[in-house]
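Shown next, in structure tokens, is the structure this report addresses.
Bear in mind that the values in this text are calculations on the coordinates, not laboratory data. No experiment lies behind these values; they were computed from the predicted model shown. Cβ: placed from backbone, ideal geometry, glycine included. Neighbour counts: every protein chain shown.
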Amino acid sequence: MQSVIRQDNGWTVSAGYQTDHFDAVIIATPTHAAAAVLKAADENLARNLSDINYSSSVTVTLGYDEKVRRSLPPGFGFLVPRSEGRRMLAATFVHNKFPHRAPENRAIVRCFLGGARDEQILQSSEAEILQIVRAETTSNRRPQRRNLYSPASTNGSPPWPNIPSATSNASNASNPCVKNFRLGAGRQRL
Ligand SMILES: Cc1cc2nc3c(=O)[nH]c(=O)nc-3n(C[C@H](O)[C@H](O)[C@H](O)COP(=O)(O)OP(=O)(O)OC[C@H]3O[C@@H](n4cnc5c(N)ncnc54)[C@H](O)[C@@H]3O)c2cc1C
């Protein structure tokens, strides 16, 4: 899709090689792409969309045995409060959230790092990122909290780019497009 313009009480959508006319159009691209295609239709909307900042994250997936799986609390995972001073942002208990993705006797924990406040992690090697995750899932400054144990297997994944930063950026927070986006982002479950 290259452009969407208002025409004859509807919308003309051009994909370069082909143009078609529609009564209504739903655009579900990342906001910078939406801004480009809507520029001719509504410059103000396009500017608001392109002002939305994105940040990247890194995921590391850890595999554990049955003993660890039994010791983990129920639920879909956890968020790490900023006051903990750790680089891990959150982790998903994949075996609970998507049970078909893990054997019944294994735990799969997907850890998230990066985001708007730690973009420098994207410069780190996979080995360095794994080291951070191993250290942060096995050290425990508060003894009453449960450690995760050394994982049986690990799998670092490449940076996952382009997440709109809905709440962390002041200009995004006041952007009328982001206010709408936030409704969607609030439904994401880690
Ligand atoms: C690491 C990570 C983990 C996540 N985990 C979860 C989770 O466990 N549960 C959950 O609910 N959500 C999760 N999310 C969020 C979820 O992935 C996103 O909210 C969801 O993918 C957004 O879907 P979307 O269709 O809005 O956008 P996208 O999936 O980004 O789709 C946008 C589409 O637009 C297309 N496009 C771009 N430009 C054009 C153009 N000019 N013309 C035509 N098409 C175009 C792109 O090719 C793409 O296919 C996670 C996100 C990340 C980064």
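Tally time: how many residues in segment 97-139 are surrounded by fewer than 16 Cβ atoms within 10 Å (Cβ to Cβ), away from the ligand (no atom under 16 Å from the Cβ) and in contact (Cβ under 8 Å) with a residue 40 or more places away in the chain?
Total meeting the criteria: 1.
Restricting to segment 10-35, count the residues that are in contact (Cβ under 8 Å) with a residue 12 or more places away in the chain and over 25 Å from the mean Cα position of the chain (by Cα).
Result for segment 10-35: 11.
So how many residues does segment 36-53 have that are within 25 Å of the chain's Cα centre (by Cα), more than 10 Å from the ligand (Cβ to nearest atom) and either surrounded by fewer than 13 Cβ atoms within 10 Å (Cβ to Cβ) or of a type outside the set (D, E, K, R) (or both)?
Residues that pass the stated criteria total 8.
For segment 54-71, give me each residue that is away from the ligand (no atom under 13 Å from the Cβ) and buried (at least 18 other Cβ atoms within 10 Å of the Cβ).
LEU62, GLY63, TYR64, VAL68, ARG69
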